């Protein structure tokens, strides 16, 4: 079901992207990239790991615990919307883009809507019951995309992307409450449940701040170096080039993370072997996909997009090299959280984030987009020894798998980059 969800979601995203790039101008995608930088930041700067707490906690099926989590989630949604309103003017001044003053408060409504999502979504993930969840997510996404395309055709405005997102997220929230099995959420406050959520989530809160820098740092910094049009082209290349990494993340979050909780690798050799097998299958699928994009990225962009987006092709190829460490190491992420070790997870995330920001700043300053693409992967490699130290505590380190996949990934994607060097060199500025 995870593969169906991921494949369906990315098919819809690619199909809509192909249509929308013909109806809208590159600057629209650059503008939305800046909006997402701020909204992702607000989301992560206020994340207490509510969904993760439900999946990981022993009380994850207790109605009092779930309703308390839902109440906290709504409060967070309200806070995020107000924060979106508050940062609109400073954001517009920072990037010298006046449209952000109107866009950010409206886009922030998505966070308010998401605050009312049913906790049955996390419960379904906890028990790996993903069928109905997948159908709802794909259906709501399709509706939102249909609205985007219709409004883009009628208005040719960036607001088509904004309104389509609001419609899709509203439909998803309503469908979750109507059709997901489980409790019917209501406002409730259980002090012991809140203490457990907050006790676990206080480290998650700081971890997600680091996660923001890891996931959005390239676009946040590039926004100060590139024009909106160039940032829009980068966003198209990033969308295509990171699909394999997104696939690995999806299987890690929805399948492997719950397995770490249900079958701890330190408990038995059988558990460890099964988890290593699941992790290796996830990496193999993602790397295989990445290798296809490594050799076909330039051709794919040339066929699918108009000449305004030609530089997205070499970005896709270079990302196949840059994301190898992230693809190989992403399935480890759930080990610490599944064991309730949010403190070490924070240390790992913070260390990776600080090193990545340093690499990105130096890389973008000296090499432009080329440096932005390679920085995150180098940061993951630099913090690998710390990751290994923590993984060994829980019997979860797979050195043979890591080495084999790293060598294979770098060799194949490196060869593809060599073949396309004449296109990639255009990214150096």
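The values are calculated or read from the model by the stated rules, or taken from the named source; none is laboratory data. If you're wondering where the values come from, they're calculated on a predicted model, not measured in any experiment. Neighbour counts run over all protein chains shown; Cβ positions are idealised from the backbone, glycine included.
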Residues satisfying the stated conditions in region 126-151, i.e. more than 12 Å from residue 171 (Cβ to Cβ) and touching a helix residue (DSSP H, G or I) at 6+ places or on another chain (Cβ under 6 Å):
126, 128, 133, 134, 148, 149, 151
Is one or more of the residues making up region 275-293 crowded, with 23+ Cβ neighbours inside 10 Å, outside any helix (DSSP H, G or I) and either assigned by TED's automatic domain parsing to the domain that holds residue 424 or modelled with pLDDT of 85 or more (or both)?
no
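Would you say residue 321 is modelled with pLDDT of 90 or more, more than 18 Å from the chain's Cα centre (by Cα), within 14 Å of residue 408 (Cα to Cα) and buried (at least 20 other Cβ atoms within 10 Å of the Cβ)?
yes
Quick check, is residue 88 outside the structural domain of residue 257 (by TED's automatic domain parsing), crowded, with 16+ Cβ neighbours inside 10 Å and under 19 Å from the mean Cα position of the chain (by Cα)?
Values: outside the structural domain of residue 257 (by TED's automatic domain parsing): yes; crowded, with 16+ Cβ neighbours inside 10 Å: yes; under 19 Å from the mean Cα position of the chain (by Cα): no.
Judged against the criteria, residue 88 is not a match.
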All but one of (1) over 22 Å from residue 20 (Cα atoms); (2) in a helix (DSSP H, G or I); (3) touching a residue at least 12 places away in the same chain (Cβ under 8 Å) hold for residue 308; which doesn't?
(1)
Residue within region 260-270 that is within 19 Å of the chain's Cα centre (by Cα), in a helix (DSSP H, G or I) and surrounded by 20 or more Cβ atoms within 10 Å (Cβ to Cβ) present:
no
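Among the residues of region 299-308, write down those that are surrounded by fewer than 20 Cβ atoms within 10 Å (Cβ to Cβ) and either touching a helix residue (DSSP H, G or I) at 6+ places or on another chain (Cβ under 9 Å) or at pLDDT below 85 (or both).
Applying the first criterion (surrounded by fewer than 20 Cβ atoms within 10 Å (Cβ to Cβ)) to region 299-308 yields 299-300, 302-304, 306-308.
Matches in region 299-308: 299, 300, 302, 304, 306, 308.
Give me the helices (runs of 4 or more DSSP H) completely within region 90-131, filtered to those with at least 3 residues that are over 30 Å from residue 338 (Cα atoms), ordered by residue number.
So the answer is 100-107.
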Give the residue, chosen from 158, 167, 147, that is farther than 30 Å from residue 255 by Cβ and modelled with pLDDT of 90 or more.
147
